[in-house]
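Structure provided below as structure tokens; questions to follow.
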Amino acid sequence: MENYLKGNDAYWQQGYEGENVESFVFRVYGRILKYELGLSGQNGERMLDFGCGDGAALAFFNRKGFDVYGVDISRSAIEGCRKRMPHLADHFEVIDPKPSLNDRFFHGGGGYDLVTAIQSLYYYSPEDLEVRLLSLKEQMKPGGVIYATMMGTKCWYYEHATPVEDGSFLVELNTSRLKTRDYYMTFTASEEDLIRKFSMFKKLHVGYYDACYREDEGSEFHWIFIGQA
């Protein structure tokens with residue numbers, strides 16, 4: 001089923017817009033990362049955004065003082081990061097869609113105090129997701145924090161999903177706004193399912209966010225996992 005990675009890769013090479021930071025970034029920063037865990041950016045904490053897009057979240061954390069790094073499979077997204085933050089051009093990297101336990105980004109720099117993976121990990125099959133999470137953990141400082149989101153089965157995408165043999169789902173959307181082909185993802189059914197997927201981390205918090213912007217689409221339910229290496 002490695003073809004699913006090729007399909008998803010082709011989709012994201014089209015590029016996507018994400019100019020502004022979302023509320024599930026700045027609220028988690030204020031309520032948990034800074035308030036509870038002391039990750040304010042004032043100490044130049046080292047941060048990796050996995051699936052960084054064109055850098056909206058990275059720009060937010062950079063303004064707070066974090067030493068930010070971002071990786072994505074989309075070349076256009078990484079180019080967007082470099083245009084947004086040219087002074088940090090070498091802090092952004094295009095990565096292979098296929099995860100490996102040996103992956104070490106930025107020449108093995110690692111030592112991250114914080115890893116964020118917002119709306120990016122659920123494009124892996126369950127098996128590849130585990131590999132990716134283990135590889136991220138190996139690049140974190142002991143006690144480093146991960147903030148990740150996973151699409152739940154309450155999301156409207158699930159209504160248009162067909163299971164495939166590797167445990168992930170083929171999602172076929174055909175609306176006036178979204179049309180997908182060879183588009184795969186893994187859904188998370190419950191809090192217990194979320195904790196199981198992230199079992200290599202110590203759980204700190206589980207939450208969720210949701211929204212519905214159009215009556216012809218529906219819930220955008222995502223689980224939140226915050227854990228520690």
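Can you give the calculated 222 nm mean residue ellipticity of the chain, where each DSSP H run of n ≥ 4 adds -39,500 (n - 2.57) and the sum is split over every residue, rounded to the nearest 500 deg cm²/dmol?
On the way: 6 runs with 55 residues, N = 229.
Mean residue ellipticity at 222 nm (helix-derived): -7000 deg cm²/dmol.
For a quick check of understanding: with a 1.4 angstrom probe and all protein chains in place, what accessible area in square angstrom does residue 176 have, to the nearest ten?
The accessible area of residue 176 comes to roughly 100 Å².
Skipping prolines and chain starts, which residues have an amide H placed within reach, meaning under 5 Å, of the one on residue 146, given they are 5 or more residues away or on another chain?
Close amide H contacts, sequence-distant or interchain: 115, 227, 228, 229.
Let me ask something else about it. Give the long-range amide H neighbours of residue 112: residues separated by 5 or more places, or on another chain, with amide H under 5 Å away, using H modelled in the peptide plane at 1.01 Å from N.
The list, which skips near neighbours in sequence, is 140, 141.
Within the chain, what whole-number % of the accessible surface is contributed by carbon and sulfur, with the 1.4 Å probe and all protein chains included in the calculation?
Values: 5120 of 11210 Å².
Of the solvent-accessible surface of the chain, carbon and sulfur hold 46 percent.
Could you state the accessible area per residue of the chain in Å², with a 1.4 Å probe and every protein chain left in place? Present the calculation step by step, with values, prior to reporting the outcome.
Numbers: 11210 Å² over 229 residues.
I get 49 Å² per residue for the chain.
Any idea what the relative contact order of the chain is, in percent, if you count C-alpha pairs under 8 Å spaced at least 6 apart? Could you put the intermediate results ahead of the total?
Values: 456 pairs, mean separation 39.7, N = 229.
Answer for the chain is 17 percent.
Here's something else I'd like to know. Enumerate the calculated ³J(HN,Hα) couplings along segment 78-88 in order (Karplus 6.51 cos²θ - 1.76 cosθ + 1.60, θ = phi - 60°), each rounded to whole Hz, writing x wherever the residue is Gly or Pro.
Calculated HN-Hα couplings, in order: 5, 4, x, 4, 5, 6, 5, 10, x, 6, 10 Hz.
Per residue of segment 196-205, what does 6.51 cos²θ - 1.76 cosθ + 1.60 with θ = phi - 60° give for ³J(HN,Hα)? Whole Hz please, x for Gly and Pro, Karplus curve as stated.
These are the phi-based 3J(HN,Hα) values: 5, 4, 9, 5, 6, 10, 6, 5, 9, 8 Hz.
Students often forget the sequence filter, so: which lysines lie under 28 Å Cα-Cα from residue 98 once same-chain residues fewer than 8 apart are removed?
6, 83, 137, 141, 154, 179, 197, 202, 203
The values are calculated or read from the model by the stated rules, or taken from the named source; none is laboratory data. Note that the coordinates shown come from a computational prediction; the quantities given were computed from them, not determined experimentally. Only protein heavy atoms, including side chains, enter the accessible area calculation; ligands, DNA and RNA are left aside. Shrake-Rupley method; radii C 1.70, N 1.55, O 1.52, S 1.80 Å.
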